[in-house]
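Asker: Pasting in a structure now, in C-alpha cells, and then I'll have a few things to ask.
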Amino acid sequence: MPYKLMRFLKSFILWMLSLGLLAGIAVVAFVAVLFHNYAQDLPDHHQLQKYAPPIVTRLYAADGRLMQEYAREKRIFIPIRQIPDQVKNAFIAAEDQNFYKHQGVDPTAIARAAVVYIQHKMGKDVDVVGGSTITQQVVKNFLLTNERSFKRKIREAILAHRMETALSKDKILELYLNQIYLGDGTYGVAAAGLHYFGKPLDELSIAEIAYLAALPKAPSNYDPIDNKDAATARRNYVIERMHEENYIDDAAYDVAILQPLKAISHDKSDTVSAPYFAEEVRRELADKFGEDVLYGGGLAVHTSVNPTLQAYATDALRDGLMSYDKRHGWRGPITNLKDADSLSDAIKDFDRTSDILETWDVAIVTDASPSSASLRLKKGSRGTLTLENAKWTGKSSISEFLSIGDVIAVEKVKDSDDHYQLQQIPKVRGAIMAMDPNTGRVLAMKGGWRYGADQFNRATQAMRQPGSAFKPFVYLTALEKGFTPATLILDAPFRIEDRPGHFWSPKNYSNEFYGPTPLRVGIEKSRNLMTVRLANYVGMPAVKETAERFGVVENMVPNLSNSLGAAETTLFAMTNGYAEILNGGKKLNPSFIDRIQDRYGNTILKHDQRLCQGCGKLIKWEGQETPLIPDNREQIADPLNTYQIVSIMEGVVKRGTGVRLASLGHPLGGKTGTTNESKDAWFIGFSSDLVVGVYIGFDDPKPLGKKETGSSVALPVFKSFMEQALKDKTPMPFRVPKGIKQVRINADDGTRATASGSKVIWEAFLPGTEPDESVYLLDRDGRIRKLPSRLYRDNYMTMTDRYVQPGTNQNNNIGYTDRYTGTSRTPAPTTTGTGGLY
C-alpha cells in the first residue's frame with residue numbers, strides 16, 4: 001500500500017477516534033448536566049425510612065367481629081416480615097423479576113418493554129408491558145406525580161437509584177406492597193386480600209395471591225365479577241410467571257391454574273350492623289384525635305356493643321314502631337305511578353327506597369280486586385297480596401284502598417313463593433338503648449327506624465320531655481330528706497301561683513283523687529298530684545340538685561312543673577341516670593369504647609381506668625389471693641336510698657303501670673313516662689344487671705293519639721327486648737345493700753302489718769325509720785302530720801272516695817270536698833321547700 005495512503009488512513013482513524021472521544025465526552029457531559037439539572041429539588045427519599053402510610057381505622061364489636069371501617073384509602077399496614085413469601089414472589093414475578101438484582105432501574109426490562117411496544121405498533125397481538133421497576137413505582141407513588149413526561153421518567157430513575165442506596169430491598173418492597181392501589185377502594189395487599197376473598201394473607205391460596213398480583217397493571221379492568229374472564233386470564237399469566245421463576249412447582253401450578261376465580265360478595269353478613277352506635281363512636285374519635293387520625297391513623301377501636309343485644313334492640317324497636325303505626329291505620333301508598341308508560345319499568349326505576357327495610361320489597365300494583373292485588377316487584381318478579389295479608393288495615397276489600405299504579409312496601413310471607421304481606425313505613429320514630437349499670441358500657445343502641453337517609457340519633461340527640469319517667473328523682477330527693485316509702489302523701493287537688501296572677505292546678509292522668517297514699521304508690525301508679533305536693537315540700541332547688549347530680553337534666557329551672565318531667569333531656573341521659581340508681585348511687589361515665597389501639601398495637605385509651613396493684617402480664621399462680629381492684633367510682637347517693645327507689649320501681653312492675661312485664665318471670669323494675677297530650681312515650685326499666693331505655697314520639701312533636709301512653713307504646717318495646725335478652729337466664733333478684741331493714745306493711749296505708757294478706761308487702765326502710773304505731777301524712781297545707789295509726793284507720797281509711805271535686809268547681813279544678821268532715825275547701829297557695837321530714 002502506498003505510503004501516502006497509509007498516512008492518510010492512520011490520520012483518518014486517529015481523527016475519527018478523537019471525534020468519537022470528543023462526542024462521547026460531550027454525551028457524558030450532556031447527560032451529566034441533564035441529570036444534574038433534573039436532580040435539583042428532588043424530594044427527600046430518606047423520609048420513607050419512617051413513612052407511616054394512612055391506614056384504615058376499624059371498629060370492632062365486643063365479640064371481636066368487624067362493625068365499621070373509616071378511611072380515605074382503605075389500607076391495612078403489614079410489616080414485610082409478616083407478609084408471606086409467596087405474596088412477595090407473586091408481585092416480583094409479575095412486576096419486576098430482577099428486583100433483587102438491579103439498582104433501581106432495570107435496563108433489561110426497559111429494552112424488553114421497548115421491543116414489545118414496537119411489536120405492538122407493528123400490529124402484533126402482544127400485551128404492552130412496562131419497564132418500571134418496583135422501586136420506580138414506589139418513587140412514583142410516594143414522591144412524584146403521575147405526569148407522563150421524559151423529565152418525570154429521568155427524575156424517577158435518579159430517585160430510584162438513590163433509594164436503593166438508602167433503603168433495603170425489603171423496606172422498598174414493604175412500602176410497595178402496602179401502598180399500591182388494588183381496586184375497589186383498597187390499598188395494599190392486606191386490605192385487598194380481605195376485600196376480595198375475606199381472608200388474611202397467610203390463608204390465601206396461590207391462585208388468590210396471583211389474582212392480587214394481577215391487579216396493579218389495571219385494577220378496574222380485572223374486576224372479578226364484572227370482568228371475570230379478563231381477570232382470570234391475567235391471574236393465570238401471573239401463575240405462569242411464578243412457575244417460570246420456580247416460585248411454585250408443577251403440582252402447585254396445576255392446582256392453581258384450574259382453581260375458579262371466586263371473590264366474596266359484600267352483603268356484610270359477616271359484620272355487626274349497628275350504624276347509630278358506630279356513628280357515635282366516629283364522632284367521639286373525631287373529637288379526640290381529629291379527622292386525619294380517624295381516617296388514616298389505623299386505629300383499632302374495640303367497642304362495647306353486644307351484637308346479640310343489638311339485634312334484639314333493632315327488632316324490638318322496629319316491631320314497636322310498626323305496631324303503633326298499624327294501630328292507627330293505613331295512610332295510603334308511597335306514591336302512584338299509573339301514568340307511566342310501563343308499570344314494570346316504572347317500579348324498576350323507582351328510587352325512593354331509603355326507608356325500606358332490608359327484608360322488605362317495593363312493589364307496584366298491576367291489578368286489584370276485592371280479594372287480592374297483583375304485584376310487580378322492583379327486582380322484577382311477580383307477587384300476590386291477599387286481603388288476609390292486609391287485614392291490619394281494617395278494610396273489607398283490597399280494591400277499597402289499593403288501585404293500579406300504587407307503589408307499596410311488602411314483605412314476603414314465610415314459606416311462600418309469591419305471596420306478600422302489606423307493610424307501611426312508620427311516621428313515628430323512636431330509640432332504644434341498653435347499658436351495663438355497673439360499668440357504664442353501652443351494650444346496644446338503635447336511634448331510629450333505619451339508618452341511611454335518616455341519621456338523626458334519637459337516643460343521644462333528641463331533646464324531649466321525659467314526663468313521669470323523671471319522677472324517681474323527685475322521690476329519691478324526698479327519701480334523702482327523711483321520707484320513707486310508707487310516708488303518706490295527700491293525693492288531692494293542688495293549686496299554686498307559679499307566676500304572678502297565674503295559678504297552676506295539675507291533675508292525675510285519671511282525673512281522680514285518691515286521698516292519703518303511701519309514697520311508693522306515687523311512682524307505682526304515676527300519681528301527678530302526689531309528686532307535685534312532694535316536690536313542693538322538699539323544694540325544687542333540691543330536686544334540681546338531684547337531677548343534675550345524676551346528669552339527667554342540665555341546668556334545670558326549678559319550676560314545680562319540672563317535677564312532672566317538663567324539662568327536656570335525652571334518652572341517653574335518662575337511661576344513665578337510672579343505671580346510677582340501680583348500681584347503688586355510683587357515678588358512671590357511659591362509654592361506647594372499651595379500648596383503642598394505635599397502628600402498632602399500643603393501647604392509647606381505655607374505658608376502665610382502675611389500677612390493679614399486683615396485676616401483670618404473666619403471673620404464676622402460687623395460691624396467693626386474687627388482687628383487689630379498687631372501685632374508684634364517685635358515690636353520688638346513699639345506696640340505701642337508691643335501693644328504696646329500685647324497690648319502689650320493682651313495684652311498678654308488680655302492681656303499677658308496668659304490670660304487663662310481670663309475665664316475663666324475672667325481677668324487673670322501671671317507670672313509664674308520658675308527656676302532655678301524649679306527645680312523648682317513655683319506658684326505662686332494668687333487671688339486676690341491665691338497664692334499657694325506650695323513647696317513642698314524632699320528630700315534629702304531636703299527640704300520639706288517645707290513650708297512647710308510655711305503657712301502651714314504649715313498654716311493649718322494652719318487653720320485647722327483655723324477653724329475648726333474659727331468655728334462658730336464671731332470674732336474679734336485686735341486690736339488697738347492707739343496712740336495709742325489710743318490714744311487712746299494709747300496701748294501702750303504709751302501716752306495719754299485723755297479719756298476712758294480699759295487701760301486705762315487704763318494704764325497705766333505713767335503720768331507725770321502720771313504722772311504729774304512728775303514721776306520717778304530708779297534708780294539703782304542706783305540713784307533715786303525725787297521727788296514731790288507730791286514729792288514722794278510724795278517720796282516714798276511705799282513700800278512694802274521700803276527696804272529690806265540688807260541683808261548682810269541677811271545671812276550674814281549684815277546690816275539693818272533705819267527705820270525712822263534710823267541709824268544702826280551697827287549697828291555699830303553698831310555699832316551696834319547707835324542709836325535711838320531722
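The values are calculated or read from the model by the stated rules, or taken from the named source; none is laboratory data. Fair warning: this is a prediction, and the values are worked out from it, not measured in the lab. All Cβ positions, even for glycine, are placed from backbone atoms using ideal geometry, and neighbour counts span all protein chains on display. To get the accessible areas, we keep the full protein, side chains included, count just its heavy atoms, and leave off ligands, DNA and RNA. Shrake-Rupley method; radii C 1.70, N 1.55, O 1.52, S 1.80 Å.
Asker: May I ask you to evaluate 6.51 cos²θ - 1.76 cosθ + 1.60, the Karplus curve with θ = phi - 60°, for each residue of the stretch 246-253 and list the ³J(HN,Hα) values in order in whole Hz, giving x for glycine and proline?
Answerer: 6, 7, 10, 8, 4, 5, 5, 4
Asker: Taking the stretch 462-554 on its own, what percent of its Cα-Cα pair distances exceed 23 Å?
Answerer: Result for the distance tail: 23 percent.
Asker: For the stretch 418-547, what relative contact order do you get, as a whole percent, if you take Cα pairs closer than 8 Å and at least 6 residues apart?
Answerer: Reported relative contact order: 20 percent.
Asker: Also, quick follow-up: Evaluate the Debye formula for the stretch 361-500 with equal point scatterers sitting on the alpha carbons, no solvent, and hand back log10 of I(q)/I(0) at q = 0.18 Å⁻¹, in q order, two decimals.
Answerer: -1.07
Asker: Which three semi-axes in whole Å describe the equivalent ellipsoid of the stretch 522-569, each the square root of 5 times a Cα gyration tensor eigenvalue, listed largest first? Walk me through the numbers on the way to the answer.
Answerer: Working: eigenvalues 61, 27, 17 Å².
Equivalent-ellipsoid dimensions as semi-axes: 17, 12, 9 Å.
Asker: Another question, then. Got a number for the accessible area of Ile489? Probe 1.4 Å, square angstrom, nearest 10.
Answerer: 0 Å²
Asker: I would also like to ask the following. Per residue and in cubic angstrom, what volume does the convex hull of the Cα atoms of the stretch 153-198 have?
Answerer: Values: hull volume 3.3 nm³, N = 46.
Output value, Cα hull per residue: 73 Å³.
Asker: How would Leu534, Leu560, Leu387 rank on accessible area, largest to smallest, probe 1.4 Å?
Answerer: Per-residue accessible area, sorted high to low, gives Leu387, Leu560, Leu534.
Asker: Filter the chymotrypsin sites (Phe, Trp or Tyr not before Pro) in the stretch 684-744 down to the DSSP loop ones having no more than 15 other Cβ atoms within 10 Å, then list what survives.
Answerer: Passing sites in the stretch 684-744 are Phe698.
Asker: Here is a further query. Please work out the Cα center distance from the stretch 233-287 to the stretch 456-518, rounded to the nearest Å.
Answerer: 60 Å
Asker: Rounded to a whole number of µm²/s, how large is the Stokes-Einstein D of the stretch 573-645 at 37 °C and 0.692 mPa s, given Rh as the Kirkwood radius over C-alpha pairs?
Answerer: 215 µm²/s
Asker: Return the tail of the calculated pair distribution for the stretch 374-419, meaning the percent of Cα-Cα pairs more than 14 Å apart.
Answerer: Values: 522 of 1035 pairs.
The answer is 50 percent, as a whole percent.
Asker: Which value, in Å to one decimal place, does the Kirkwood hydrodynamic radius take for the stretch 303-385 when every pair of different Cα atoms is included?
Answerer: One over the average 1/r among Cα pairs gives 15.3 Å for the stretch 303-385.
Asker: Per the Kirkwood formula on distinct C-alpha pairs, the Rh of the stretch 166-258 is how many angstrom? All intermediate terms of the calculation are to be shown ahead of the outcome.
Answerer: On the way: mean 1/r = 0.0728 Å⁻¹.
Computed over Cα pairs of the stretch 166-258, the Kirkwood hydrodynamic radius comes out at 13.7 Å.
Asker: For the stretch 292-446, what percent of Cα pairs sit more than 29 Å apart?
Answerer: Summing the P(r) tail past 29 Å for the stretch 292-446 gives 33 percent.
Asker: Which trypsin sites (Lys or Arg not before Pro) in the stretch 231-313 pass both tests, a DSSP loop state and at most 15 other beta-carbon atoms within 10 Å?
Answerer: Numbers: sites: Arg234, Arg235, Arg241, Lys262, Lys268, Arg282, Arg283, Lys288; in loops: Lys262, Lys268.
Counting only loop positions with at most 15 other Cβ atoms within 10 Å, the trypsin sites (Lys or Arg not before Pro) in the stretch 231-313 are Lys262, Lys268.
Asker: As a quick test, which of the pairs Lys326/Lys391; Lys586/Lys620; Lys74/Lys169 have an alpha carbon distance above 22 angstrom in this structure?
Answerer: Lys586/Lys620; Lys74/Lys169
Asker: Within 13 Å, Cβ to Cβ, of Pro437, how many net charges do the neighbouring residues add up to if Lys/Arg are +1 and Asp/Glu are -1?
Answerer: Here the count lands on +2.
Asker: For the stretch 309-349, just run the numbers: alpha carbon Rg, then divide by 2.2 N^0.38 Å, N being how many residues it has.
Answerer: 1.81
Asker: Let me ask something else about it. Provide, for q = 0.12 Å⁻¹, the log10 of I(q)/I(0) from a solvent-free Debye sum over equal Cα point scatterers in the stretch 405-470.
Answerer: Here log10 of I(q) over I(0) equals -0.55.
Asker: Next up: Where Lys and Arg each count +1 and Asp and Glu each count -1, what net charge lies around Pro219 among other residues with Cβ under 11 Å from its Cβ?
Answerer: For residues surrounding Pro219, the net value is 0.
Asker: Report Rg/Rh for the stretch 677-737, rounded to two decimals, where Rg is the Cα radius of gyration and Rh the Kirkwood radius.
Answerer: Values: Rg = 14.3 Å, Rh = 13.0 Å.
With Rh from the inverse mean 1/r over Cα pairs, Rg/Rh is 1.10.
Asker: In Å and on Cα atoms, what radius of gyration and Dmax does the stretch 529-656 show?
Answerer: Rg then Dmax for the stretch 529-656, in Å: 20.2, 63.
Asker: Straight distance only, please: which lysines reach the Cα of Lys507 with their own Cα at less than 28 Å, same-chain residues fewer than 8 apart left out?
Answerer: List returned: Lys471, Lys481, Lys525, Lys544, Lys654, Lys671, Lys679, Lys702, Lys706, Lys707, Lys759, Lys786.
Asker: For the stretch 243-310, which GluC sites (Glu not before Pro) are both in a DSSP coil and crowded by at most 14 other Cβ atoms within 10 Å?
Answerer: Passing both the DSSP loop test and the Cβ count: Glu245.
Asker: Related question: Can you report the principal axis dimensions of the stretch 248-382 using only the alpha carbons, biggest first, rounded to whole angstrom?
Answerer: Principal-axis extents of the Cα atoms in the stretch 248-382, largest first: 67, 51, 29 Å.
Asker: Continuing with the same structure: In what order, largest first, do Ile604, Ile134 sit by accessible area if the probe radius is 1.4 Å?
Answerer: These residues rank, largest area first, as Ile604, Ile134.
Asker: Here's a follow-up. Leaving ligands, DNA and RNA out of it, work out the accessible area of Tyr253 with a 1.4 Å probe and give it in Å² to the nearest 10.
Answerer: Solvent-accessible area, nearest 10 Å²: 50 Å².
Asker: Two-decimal Rg/Rh of the stretch 657-700 from alpha-carbon positions, Kirkwood Rh?
Answerer: Across the stretch 657-700, the Cα-based Rg/Rh ratio is 1.04.
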